[in-house]
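Shown next, in structure tokens, is the structure this report addresses.
The values are calculated or read from the model by the stated rules, or taken from the named source; none is laboratory data. Small disclaimer: the values here were computed from a predicted structure and weren't measured. Neighbour counts are summed over all protein chains in view; Cβ atoms, including those assigned to glycine, are modelled from backbone coordinates with ideal geometry. Heads up: the accessible areas ignore ligands, DNA and RNA and are worked out on the full protein's heavy atoms, side chains in. Shrake-Rupley method; radii C 1.70, N 1.55, O 1.52, S 1.80 Å.
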Amino acid sequence: MTSGTIPNNATTEETCAWLSVRTGSSWDLARLVEAGITPHVWLDYSEEYAGLFAEGVTRYPAPIFYIEDTKRLAAGSGDVLIRMTRDSDRISFKLKPPGITMPLDALRFFHRDIADFLESILHPKEDPATPPPKEILKGITRDEVLRIFGGMAKLDLEKSLASGIGIFGDDGARVRKNSRAGKNTHLWNPVTLALGLNDVYRVPMSHLKKAFAAQADLRPWKAAWLESLALLGE
């Protein structure tokens with residue numbers, strides 16, 4: 001590999017070297033993972049993991065995106081452990097314990113992912129429609145909860161939010177107060193709230209999935225929602 005080229009499926013070493021030349025700083029596996037660049041491993045068909053392969057597919061690159069698996073890589077693990085990935089049809093698939101273990105040198109990074117990441121840090125673009133990260137880390141407001149989830153369950157949702165009991169309180173979906181509003185104004189994690197509405201109040205999962213697919217206010221939470229559904233086998 002020269003300083004100007006990188007393979008389509010680059011090793012960790014090739015990826016780090018290529019980025020180091022272009023960013024002027026050192027890179028390692030932990031930094032790649034923390035930057036959000038998705039590592040992949042090539043899986044060959046086996047009877048044990050036949051469910052990952054569509055008809056006619058015998059080999060494909062499986063992404064490592066499950067947060068516990070990526071945290072393990074970033075922490076300096078000596079191998080790769082995959083407990084959840086996507087199948088050859090790109091559908092999330094939770095593996096039976098203990099999952100798939102592979103050597104670190106099996107990791108590969110796609111050229112397009114690396115190039116897109118480099119472009120994002122060299123030429124960052126501001127998206128006015130994207131909420132500030134600090135808001136994403138908190139939750140949605142009472143009015144947003146009522147607008148999005150109101151009417152889904154057979155209960156007075158406004159009264160339930162005010163009570164702060166069960167899934168609506170600090171032990172459930174309610175998070176720290178909204179610093180921009182009054183002292184009695186709280187925020188709610190919509191993923192936790194939606195899962196609670198399904199589990200406790202039997203709100204159909206189809207209604208909740210539609211909300212996360214259609215509501216603009218839930219867009220920042222969509223990845224967390226889809227990951228939760230995958231873990232639940234939904």
* **Among P63, P39, P98: highest mean-square fluctuation, GNM of the chain, C-alpha pairs under 10 Å** => P98
* To do: Treat each spin label as a single point 7 Å out from the Cα along the C-beta direction, and report the E158 to E234 distance in nm.
  => 2.7 nm
* Structure fact -> For the chain, one quarter of the surface area of the C-alpha convex hull, expressed in nm², comes to 15.8 nm²
* **Calculated over segment 26-109: convex hull of Cα atoms, volume per residue (Å³)** => 90 Å³
* Structure fact -> Summing -39500 (n - 2.57) over every DSSP H run of at least 4 in the chain, dividing by its residue total and rounding to the nearest 500, the 222 nm mean residue ellipticity is -11000 deg cm²/dmol
* Top of V41, V200, V33 by mean-square fluctuation, Gaussian network on the chain, Cα under 10 Å -> V200
* For the chain, set up a Gaussian network in which alpha carbons nearer than 10 Å are linked by springs, and say which option among G56, G139, G78 fluctuates the most. => G56
* Shape of segment 192-233, Cα gyration tensor, a/c cut at 1.5 -> oblate
* Asked: Ordering S163, S20 by how much accessible area each has at a 1.4 Å probe, largest first, what is the list?
  -> S163, S20
* Taking the convex hull of Cα positions in segment 142-232, its mean projected area over all directions (nm²) -> 5.8 nm²
* Structure fact -> Taking 0.36 nm per residue of separation between H111 and A30 and subtracting their Cα-Cα distance, the length gained on full extension comes to 27.3 nm
